1. Checking I142 against (1) exposed (fewer than 13 other Cβ atoms within 10 Å of the Cβ); (2) part of a strand (DSSP E or B), only one condition comes out false. Which one?
2. Mind counting the residues in the stretch 25-76 that are basic (K, R) and out of contact with any strand residue (DSSP E or B) (no Cβ under 7 Å at 6 or more places or on another chain)?
3. Taking the stretch 145-173, which residues are closer than 23 Å to V74 by Cβ and either crowded, with 18+ Cβ neighbours inside 10 Å or of a type in the set (S, T, N, Q) (or both)?
4. Between a first residue in the stretch 124-139 that is over 13 Å from H153 (Cβ atoms) and a second residue that is in a strand (DSSP E or B) and hydroxyl-bearing (S, T, Y), which pairs have beta carbons less than 9 Å apart while being 6 or more apart in sequence or on different chains?
5. Would you say D176 is surrounded by fewer than 18 Cβ atoms within 10 Å (Cβ to Cβ) and at pLDDT 95 or above?
Amino acid sequence: MVVAANAANDRELEDRLKMESQSMPVIRSAKVDDAESVAAIYNHYVALGGATFDAVPWAREDLAEILTNQGAEVWCVAAYGQRLIGWASARRFSLRHGYRLSLESAIYLSPEAVGQGIADGLQNELTNRCRAGQIHHLMARIIADNHRSMAFHHRHGYELVGVQKEVGWMNDQWADVAILQKIL
């Protein structure tokens, strides 16, 4: 009886995933209620290493505070119903007044969402929202050997403006960071 129920649940999950793969998720503004899911997606990459220099997972409470006080920052999520599969943000990289119209972008996807075009939708929405908010400049700082992310950003109009050599320490070695920009 339990085996049959588990098989039915597996088929239901497979059917839902198949349906989701045939349609694009809804991309919407991030809400405070999304903090736990956004943190879980990011924390996967903190644990995995190689995509962020963060070594400490994000706490849901800290992220909820950020999402409550977004100000000029832009946060959006990709979701199938209540299930978040990715997020994008454009956040201040400096509190200096002269940089107020320049933001740093980031996009993270749940592992099962990688390679399905969802990041393209998030990047397009992020760019549109930044333009609507009179943001002039988007920057991406990418670990330089992350070729997939570099290619993604080039496809979306970012250009390489420099590489900081051995600027970050990760996985017991120095890592270079590429700086890309997109003028809106």
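1. (1) is the only condition that I142 fails.
2. 2
3. Those that are closer than 23 Å to V74 by Cβ and either crowded, with 18+ Cβ neighbours inside 10 Å or of a type in the set (S, T, N, Q) (or both): N146, S149, M150, H153, H156, Y158.
4. Filtered contacts from the stretch 124-139: R129/S29; C130/S105; I135/S102; H136/S102; H137/S102.
5. yes
The values are calculated or read from the model by the stated rules, or taken from the named source; none is laboratory data. In this text, all values refer to a predicted model and were calculated from it rather than measured experimentally. When we count neighbours, we look across all protein chains shown, and the Cβ atoms used for this are built from the backbone with ideal geometry, even at glycine.
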